[in-house]
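Asks: Have a look at this one before I ask anything.
The values are calculated or read from the model by the stated rules, or taken from the named source; none is laboratory data. Here the structure is a predicted model, which means the values were calculated and not measured. Glycine also receives a Cβ, built like all others from the backbone with ideal geometry; neighbour counts cover every protein chain displayed. Accessible surface areas use protein heavy atoms only, side chains included; no ligands, DNA or RNA. Shrake-Rupley method; radii C 1.70, N 1.55, O 1.52, S 1.80 Å.
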Amino acid sequence: MAETAIDYGAVFKALPGMVALLTPELVYADVNEEFARVSGRSREQLIGKYLFDVFPDNPNDSAATGMRNLEASLYRVLATGERDTMALQRYDVEDPERPGEWQKRYWSPVNAPLFGPDGKVVLILHRVEEVTELIRARAGSPEGRGSRARVLEAELYTRARELQELNERLRQAHSREREVALALQDAMLPAPRQVRNHPAAVRYRPAVGALNVCGDWYDLVDLVGGDRIGVAVGDVVGHGLAAAGVMGQLRSALSAASRVGAGPAQALDVLGRYAHVIDGAESATAVTTFIDCDRHVITYSSAGHPPPVLVHPDGRTEFLDQATDTPLDARPDPIPRPQAETTFQRGATLVLYTDGLIERRTEDIYTGLDRLAEALRKHRDQDPETLADTVLTELLPPGGATDDTALIIVRL
């Protein structure tokens, strides 16, 4: 049977509820027929107009907060890329046929983001249900409205206002926690543009809905004895400040162990013993590489982590997967971990990452690994900064990943 083309413009206009599309500047881009009908405004009075020019607060009500609450909700959607469901709002509307007369109206709004190809919010879907008649129905007919009806309406509105205020306090607390988290992240995860004479790029992407800080980490260190550097990434289960605190402890411990250890396996041995005494380090993973740029040799070891990728100048990709062992705290009495070596030529690229870059719930992990290898091979001539952005663009979903992602690229 032939596939029927769907006219989504016609579908939008015919939706039974009130729906509008707003630009990031809060200008009406489109409205459906129900929105125009219930609001009492024509499409010409809405399209291209600033939302609050069309629907300002009632100037006769000094306690009106509908406009401020709606504006805050819309800007939250733009800032977070997440849906925002508002509490019941009283938002009076001026009678279009009687200028200066305002109608008491109650609304239940939901605001949701629409993303562009680059993952940024390009439109806000503003869906609103008018519940004025519902409130009136609860109180009986207009003739029968008495003290009980007014008490019911006042109680309903008061509860909605209390919910709005509670949500605002929670958002403020979340904002303060986020500021602390970002400061913690900046302190623990610096962004070096090179290590010794080798250009490097790092990227850090929290999961969608996370606090903008997570348990993924990376590290680059100078090693003693010639032109030697250490590059590592790790992954702590969880998000937020608790995971970030554990991440900071493990990163610092591995950084110190790498500077004194005989090799990456020994560094991970030390880190594994340390992980056993840290609450929250359960199932943490890490991989570390020691790069000898004088001998052109990479020595590596992995504690349950996805394998690094070495991209040779000719485009060949090599997964460093010959020394993979269990996660850091898997054994009550740790035993020496394996390590392996590989060689490289000048101009090769080493890439370390966490599983948020390659894992998808509906795919086999090898599909993600193949996708990563192909992207690195195809764009291997890009400088590390450009290559890091390209890899994230090609591998992460437009709306963001459901797991945290750390990525580090070093040109050897």
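Asks: Hey, Tyr300 hits all of (1) closer than 25 Å to Leu369 by Cα; (2) surrounded by 22 or more Cβ atoms within 10 Å (Cβ to Cβ); (3) at pLDDT below 85 but one; which does it fall short on?
Replies: (3)
Asks: Check whether at least one residue in the range 22-40 is open to solvent by less than 50 Å² (accessible area, probe 1.4 Å) and in contact with a His (Cβ under 7 Å, 6 or more places away or on another chain), and report yes or no.
Replies: Scanning the range 22-40, I find at least one residue that is open to solvent by less than 50 Å² (accessible area, probe 1.4 Å) and in contact with a His (Cβ under 7 Å, 6 or more places away or on another chain), so the answer is yes.
Asks: Might you let me know whether the range 373-395 holds any residue that is part of a loop (DSSP other than H, G, I, E, B) and farther than 27 Å from Asp294 by Cα? Working first, answer last.
Replies: First, the residues of the range 373-395 that are part of a loop (DSSP other than H, G, I, E, B): 379-383.
Narrowing the set further to residues that are farther than 27 Å from Asp294 by Cα leaves none.
No, the range 373-395 contains no residue that is part of a loop (DSSP other than H, G, I, E, B) and farther than 27 Å from Asp294 by Cα.
Asks: What number goes with the only condition from (1) in a loop (DSSP other than H, G, I, E, B); (2) at pLDDT 85 or above; (3) of a type in the set (Asp, Glu) that Asp279 does not pass?
Replies: (2)
Asks: Next question, about the same structure. Cβ-Cβ distance below 9 Å, separation of 6 or more or different chains: which pairs start in the range 249-264 with a residue that is among the hydrophobic types (A, V, I, L, M, F, W, C) and end on one that is surrounded by fewer than 17 Cβ atoms within 10 Å (Cβ to Cβ)?
Replies: Qualifying pairs under 9 Å: Val260/Val224.
Asks: Same structure again: Could you tell me whether the range 350-359 includes any residue that is over 26 Å from Leu254 (Cβ atoms), modelled with pLDDT under 95 and within 23 Å of the chain's Cα centre (by Cα)? Before the answer, list the steps.
Replies: Step one: of the range 350-359, the residues over 26 Å from Leu254 (Cβ atoms) are none.
Looking through the range 350-359, none of the residues is over 26 Å from Leu254 (Cβ atoms), modelled with pLDDT under 95 and within 23 Å of the chain's Cα centre (by Cα).
Asks: Might you check whether a residue that is outside any strand (DSSP E or B), hydrophobic (A, V, I, L, M, F, W, C), modelled with pLDDT under 90 and on the phi < 0 side of the Ramachandran plot occurs anywhere in the range 34-50?
Replies: Looking only at the range 34-50, we keep the residues that are outside any strand (DSSP E or B), and these are 34-49.
Among the residues that remain, those that are also hydrophobic (A, V, I, L, M, F, W, C) are: 35-36, 38, 46-47.
With the extra rule that they be modelled with pLDDT under 90, the set shrinks to 38.
Retained after the next criterion (residues that are on the phi < 0 side of the Ramachandran plot): 38.
Yes, the conditions are met somewhere in the range 34-50.
Asks: To continue, here is another question. Can we say Arg331 is among the basic types (Lys, Arg) and under 34 Å from the mean Cα position of the chain (by Cα)? Can you show your working first?
Replies: Numbers: among the basic types (Lys, Arg): yes; under 34 Å from the mean Cα position of the chain (by Cα): yes.
When the stated conditions are applied, Arg331 passes them.
Asks: Go through the range 270-287 residue by residue and tally those that are over 23 Å from Ala201 (Cα atoms) and buried (at least 21 other Cβ atoms within 10 Å of the Cβ). Write out each step before concluding.
Replies: Narrowing the range 270-287 to residues over 23 Å from Ala201 (Cα atoms): 270-284.
Now restrict to residues that are buried (at least 21 other Cβ atoms within 10 Å of the Cβ): 271-272, 275, 281, 284.
The qualifying residues number 5.
Asks: Give me the pairs: first residue in the range 107-121 and buried (at least 16 other Cβ atoms within 10 Å of the Cβ), second residue among the aromatic types (Phe, Trp, Tyr) and at pLDDT 85 or above, beta-carbon distance under 8 Å, and six or more apart or on different chains, which are they?
Replies: Trp107/Tyr91; Val121/Phe115
Asks: Same structure, new question: Please work out which residue is modelled with the lowest pLDDT, limiting yourself to the range 61-85 and to residues that are open to solvent by less than 20 Å² (accessible area, probe 1.4 Å) and among the β-branched types (Val, Ile, Thr).
Replies: In this case the residue turns out to be Thr65.
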